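All remarks here apply to the structure that follows.
The values are calculated or read from the model by the stated rules, or taken from the named source; none is laboratory data. For clarity, every value in this text was computed on a predicted model and none was experimentally measured. All Cβ positions, glycine included, derive from the backbone under ideal geometry; neighbour counts span all protein chains shown. Note: areas computed on protein heavy atoms with side chains; ligands, DNA, RNA excluded. Shrake-Rupley method; radii C 1.70, N 1.55, O 1.52, S 1.80 Å.
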Amino acid sequence: MKDTFGRDIDYLRISLTDRCNLRCVYCMPEEGVEQRSHDEILSFEEIERVVRMSTKFGIRHLRFTGGEPLVRKGMTDLVRACQQIEGIEDVALTTNGILLPTFAEELKEAGLSRVNISLDTLDDEVYRTMTRCGNLDEALSGVEAALEAGFDPVKLNTVVIRSMDQDLAAFAALTKDRPLHVRFIEYMPLGSSCSTEIARWNADEVIPLPELIDSLTAACEAAGLGTPYPLEEADAQAPEGWGPARYWKLPDSQGTIGFITSVSDHFCDSCNRLRLTADGKLRLCLFSDQEIDLRDALRHGTNEDLEKLFAQALAQKPESHEFRTGTRREMVQVGG
Ligand code: SAM
Ligand code: SF4
């Protein structure tokens, strides 16, 4: 269904939990966020009800996120249930990958279509610094598990932060021999990224796209990987679920390299998504704190009440985001 600005809203990102087994510096405060009680979080039955209702409004694509969605018990059952709902074409997952060695196969078997794994560095020490507690080997085992389970595409999401001096050519090298699609994501000024001690968000921490492409090209050439070149949107080599990224590629490589410029060159014109937080709020734009509460209607209202709220969300979805720093919720509470 179209919103007020003629955009087809067909994608719902659902946060399953505010909890996480990592503490990424740009996403959540070191001490974590205030834990919501069991009652405050939508049950799987409530999420399924929202999904069923949302298909009447044209939602076709789902993505589970968090916090870390895989820390929520029974998540595979939710995937199985949602992918069977009439009107839902695909169910995807965004994860830090740590728990994929345990769950990748059962998720594939349950009908999960795609997986995005967040991985910001291939250096042990930098990984520990950026996640405050993580072990790079565990995340890499998650990437292997996703490939072994047969997910295709497997996308790696890498938030680029200037002071972290990430080795971008090392990521590009991963796309050479494996069907991996790396996406370099612009650092966004949300929640605690504006107050964190390490890598505090400021405009200098964001590497502008032309500079990023230039330094990636130089690094790939220096490493003997060849010169990356841009793909056209219609290119058959682009990974399924093209989304807001622009894709490049190294010569003779299996994967691709994408760039997502959410802040400097936003893609609000083609925004097709709504977000559902773990505590049942429909969030109309990542950068806006405007939310519509579905939980009350889910627990005390009728299907009609719920539908009215969803229609209200479509009517109120803003045309574009205004650049501003800081949101009331942390990213870990929204789901990225
Ligand atoms: N825990 C899962 C994960 O890390 O993939 C899912 C939730 S996480 C909030 C979703 C995505 O948001 C991750 O790819 C993460 O890198 C990204 N993210 C979090 N904070 C961000 C920020 N300030 N700027 C850009 N991306 C951010
Ligand atoms: Fe957790 Fe993902 Fe946020 Fe990192 S980015 S703290 S893994 S929710």
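Given the structure, is LEU314 in contact with a Lys or Arg (Cβ under 7 Å, 6 or more places away or on another chain) and away from ligand 1 (no atom under 13 Å from the Cβ)? Show your work before the answer.
Details: in contact with a Lys or Arg (Cβ under 7 Å, 6 or more places away or on another chain): no; away from ligand 1 (no atom under 13 Å from the Cβ): yes.
It is false that LEU314 is in contact with a Lys or Arg (Cβ under 7 Å, 6 or more places away or on another chain) and away from ligand 1 (no atom under 13 Å from the Cβ).
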- Task: Tell me which of these GLY255 doesn't satisfy, since it passes every other one: (1) modelled with pLDDT of 95 or more; (2) within 21 Å of the chain's Cα centre (by Cα); (3) open to solvent by 80 Å² or more (accessible area, probe 1.4 Å).
- Result: (3)
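Inspect the range 94-106 for any residue being closer than 16 Å to ALA199 by Cβ, near ligand 1 (Cβ under 10 Å from one of its atoms) and open to solvent by less than 10 Å² (accessible area, probe 1.4 Å) and give the result as yes or no. Don't jump to the end; show me each part of the working.
Taking the range 94-106 and keeping what is closer than 16 Å to ALA199 by Cβ, we get none.
No, that holds for no residue.
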- Item | Residue satisfying all of: in the range 43-66; β-branched (Val, Ile, Thr) and more than 11 Å from ligand 2 (Cβ to nearest atom); most open to solvent (accessible area, probe 1.4 Å) among these | THR55
- Query: Give me the pairs: first residue in the range 288-309 and in contact (Cβ under 8 Å) with a residue 24 or more places away in the chain, second residue of a type outside the set (A, V, I, L, M) and exposed (fewer than 13 other Cβ atoms within 10 Å of the Cβ), beta-carbon distance under 7 Å, and six or more apart or on different chains, which are they?
  - Reply: ASP289/ARG328
- Query: Tally time: how many residues in the range 107-133 are under 17 Å from PHE171 (Cβ atoms) and either assigned to a loop (DSSP other than H, G, I, E, B) or open to solvent by 70 Å² or more (accessible area, probe 1.4 Å) (or both)?
  - Reply: 7
- Could you please tell me which pairs satisfy a Cβ distance under 7 Å, a separation of 6+ or placement on different chains, a first residue in the range 117-130 that is among the acidic types (Asp, Glu), and a second residue that is within 15 Å of ligand 1 (Cβ to nearest atom)? ASP120/MET130; ASP120/THR158; ASP120/VAL159; ASP120/GLN166; ASP124/LEU136
- Looking only at the range 53-66, decide whether some residue is of a type in the set (Lys, Arg), in contact (Cβ under 8 Å) with a residue 12 or more places away in the chain and assigned to a strand (DSSP E or B). yes
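Kindly provide the set of residues from the range 134-176 that are assigned to a helix (DSSP H, G or I) and touching a strand residue (DSSP E or B) at 6+ places or on another chain (Cβ under 8 Å), ordered by number.
Start the filter on the range 134-176 by keeping residues that are assigned to a helix (DSSP H, G or I), which leaves 136-148, 162-164, 168-176.
Result: ALA139, GLY142, VAL143, ALA146, LEU147, LEU168, PHE171, ALA172, LEU174, THR175.
If you take the residues in the range 67-93 that are part of a loop (DSSP other than H, G, I, E, B) and away from ligand 1 (no atom under 14 Å from the Cβ), which one is farthest from the chain's Cα centre (by Cα)? First the steps, then the outcome.
Within the range 67-93, the subset part of a loop (DSSP other than H, G, I, E, B) is 67-68, 72-74, 84-89.
Adding the requirement that they be away from ligand 1 (no atom under 14 Å from the Cβ) leaves 73-74, 84-89.
On the way: LYS73: 20, GLY74: 20, GLN84: 22, ILE85: 22, GLU86: 24, GLY87: 22, ILE88: 19, GLU89: 18 Å.
Among those that are part of a loop (DSSP other than H, G, I, E, B) and away from ligand 1 (no atom under 14 Å from the Cβ), it is GLU86.
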- Query: Out of (1) in contact with a Phe, Trp or Tyr (Cβ under 8 Å, 6 or more places away or on another chain); (2) surrounded by fewer than 19 Cβ atoms within 10 Å (Cβ to Cβ); (3) of a type in the set (A, V, I, L, M), what's the single condition that is false for ALA219?
  - Reply: (1)
- Message: Can you pull out every residue in the range 22-42 that is under 27 Å from TYR187 (Cα atoms) and either free of Cβ contacts under 8 Å to residues at least 60 places away in the same chain or more than 15 Å from ligand 2 (Cβ to nearest atom) (or both)?
- Response: GLU31, GLY32, GLU34, GLN35
- Task: Within the range 98-150, track down each residue that is among the β-branched types (Val, Ile, Thr) and more than 15 Å from ligand 2 (Cβ to nearest atom).
- Result: THR102
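Do you know which residues across the range 11-42 are open to solvent by 40 Å² or more (accessible area, probe 1.4 Å) and in a loop (DSSP other than H, G, I, E, B)?
Here is the first cut: in the range 11-42, the residues open to solvent by 40 Å² or more (accessible area, probe 1.4 Å) are 19, 21, 23, 30-31, 34-40.
ARG19, ASN21, ARG23, GLU30, GLU31, GLU34, GLN35, ARG36, SER37, listed by residue number.
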